[in-house]
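Asks: Here it is: the structure, laid out below.
Values quoted throughout were computed directly from the atomic coordinates according to the rules given, and no laboratory measurement underlies them. Treat the numbers as computed from the prediction; the structure is a model and nothing was measured. Cβ: placed from backbone, ideal geometry, glycine included. Neighbour counts: every protein chain shown.
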Amino acid sequence: MAFENIDTIFFDVGATLRYVVEDAEFSADAERKLMELAGTEETHDVFFEKLEANWKAYRKLAKTRLLDVSEMELWLRYLLPDYPADRIAPHAARLTRLWRDHDGRRLAHEGTVETLRELKARGYKLGIIANTITETEIPDWMCEAKVADCFHTVILSSKVRLRKPDPAIYLLSARCAESTPENCAYVGDNPVRDVEGALDAGFGCMVLFEDAGTADREGKAPVKQPHCRIRSIPELLDIFPKRG
């Protein structure tokens, strides 16, 4: 299938460009620092059991409303609403990073950095559309991986409140990239959220990265099908040739 009209390629990040590796020591250190920063007097198990319950409740609400909140609102209203605001608010960004780190380390899939650089060299504008609770972790990774210059537009749900699969976040991204939906492609791993959002927004190409274990993440069968399927990020180079 040819996609000569595509001039802009947007990416999901979690499980698409990167994956989580369990690291007990890394996670334990993040949890210890999170408890210290929150100033909790609760035991580890009680504290994290409450956090997990509050997190699941927030995730359910966000997915229902298709809206996300800022880091500060996340902690003050949803994750630790019973803690002193003057203690939590100044550390909201750091707490969010530690909360993510307690899952494990995040590493780029093999060939990701090289593929991004090659797609840019081929003349494509690149961007990110991601549902995320942190406002800084993805930009920091872009700098650490030395791919920040590859991206023209970065749209995070924690910054714009909109979240996938709402077509509005895709349309906003296309406008920010100074492109039109039919000239945009989206690469994501979720067969429900990523596919439906991109197609409902009228994107000209949707590429599903079939990462192991993601097929039933939403708990429902996909209704719409992607244009292409890949098993590794470098396969994108077979789909998007040099422009012009």
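Asks: What's the FRET efficiency of GLU36 with SER232 using the Cβ-Cβ distance as r and R₀ = 51 Å, to the nearest 0.05?
Replies: Values: r = 40 Å, r/R0 = 0.78.
Efficiency computed from Cβ-Cβ geometry: 0.80.
Asks: Let me ask another. Quick check: residue separation of VAL113 and ALA85 times 0.36 nm, minus the Cα distance between them. What number comes out in nm? Intermediate results must be reported in sequence, preceding the final value.
Replies: Numbers: separation 28, 0.36 × 28 = 10.08 nm, distance 3.97 nm.
Gain on extension, VAL113 to ALA85, equals 6.1 nm.
Asks: Shifting gears a bit: Label LYS224 and ASP29 with points 7 Å out from Cα along Cα→Cβ: what is the distance between them in nm?
Replies: 4.2
Asks: Here's a follow-up. Starting from the 7 Å offset along Cα-to-Cβ, what nm value, one decimal, do you get for the label separation of LYS50 and ARG122?
Replies: A separation of 5.1 nm, rounded to one decimal place.
Asks: Need the full-extension length gain, ARG105 to GLU182, defined as separation in residues times 0.36 nm minus the C-alpha distance. One decimal, nm.
Replies: Working: separation 77, 0.36 × 77 = 27.72 nm, distance 3.55 nm.
Net length gain for the segment: 24.2 nm.
Asks: Hey, another quick one. Given only helices, namely DSSP H runs of n ≥ 4 each adding -39500 (n - 2.57), what is the per-residue ellipticity at 222 nm of the chain, to the nearest 500 deg cm²/dmol?
Replies: On the way: 10 runs with 95 residues, N = 244.
Calculated at 222 nm, the ellipticity per residue is -11000 deg cm²/dmol.
Asks: Measure off 7 Å from each Cα along the Cα-to-Cβ vector at ARG175 and LYS146, then give the distance between these two points in nanometres to one decimal.
Replies: Rounded to a tenth, the inter-label distance reads 3.7 nm.
Asks: Next question. Past 26 Å, Cα to Cα, is the threshold; run LYS56/LYS159; LYS146/LYS242; LYS125/LYS220; LYS63/LYS224; LYS159/LYS220; LYS60/LYS220 against it and keep the listed order.
Replies: Details: LYS56/LYS159 20 Å; LYS146/LYS242 22 Å; LYS125/LYS220 33 Å; LYS63/LYS224 19 Å; LYS159/LYS220 28 Å; LYS60/LYS220 15 Å.
Over 26 Å Cα-Cα: LYS125/LYS220; LYS159/LYS220.
Asks: A further question on this structure: If one computes the Cα centroid of the range 47-62 and of the range 99-165, what distance in Å separates the two points?
Replies: Distance between centres, Cα-based: 25 Å.
Asks: Using the number of other C-beta atoms within 10 angstrom as an exposure proxy, rank TYR83, TYR186 with the fewest first.
Replies: TYR83, TYR186
Asks: Pairs of alpha-carbon atoms within less than 8 angstrom and 6+ residues apart define the contacts here; what relative contact order does the chain have, in percent? Please report the intermediate quantities before stating the final value.
Replies: Working: 404 pairs, mean separation 66.7, N = 244.
With pairs under 8 Å counted, the relative contact order is 27 percent.
Asks: Going by how many other beta carbons lie within 10 Å of each one, how would you line up GLU42, GLU36, GLU135, fewest first?
Replies: Arranged by neighbour count, lowest to highest, GLU42, GLU36, GLU135 become GLU36, GLU42, GLU135.
Asks: For the range 46-63, in order, what is each residue's ³J(HN,Hα) by Karplus, 6.51 cos²θ - 1.76 cosθ + 1.60 with θ = phi - 60°, in whole Hz (x at glycine and Pro)?
Replies: 5, 4, 7, 5, 5, 4, 4, 5, 5, 5, 5, 5, 5, 4, 5, 5, 4, 5
Asks: Here's something else I'd like to know. Quick one: CYS184, CYS205, fewest Cβ neighbours within 10 Å first, how do they rank? Show your work: numbers first, answer last.
Replies: Numbers: CYS184 28, CYS205 22.
Ascending number of Cβ neighbours within 10 Å: CYS205, CYS184.
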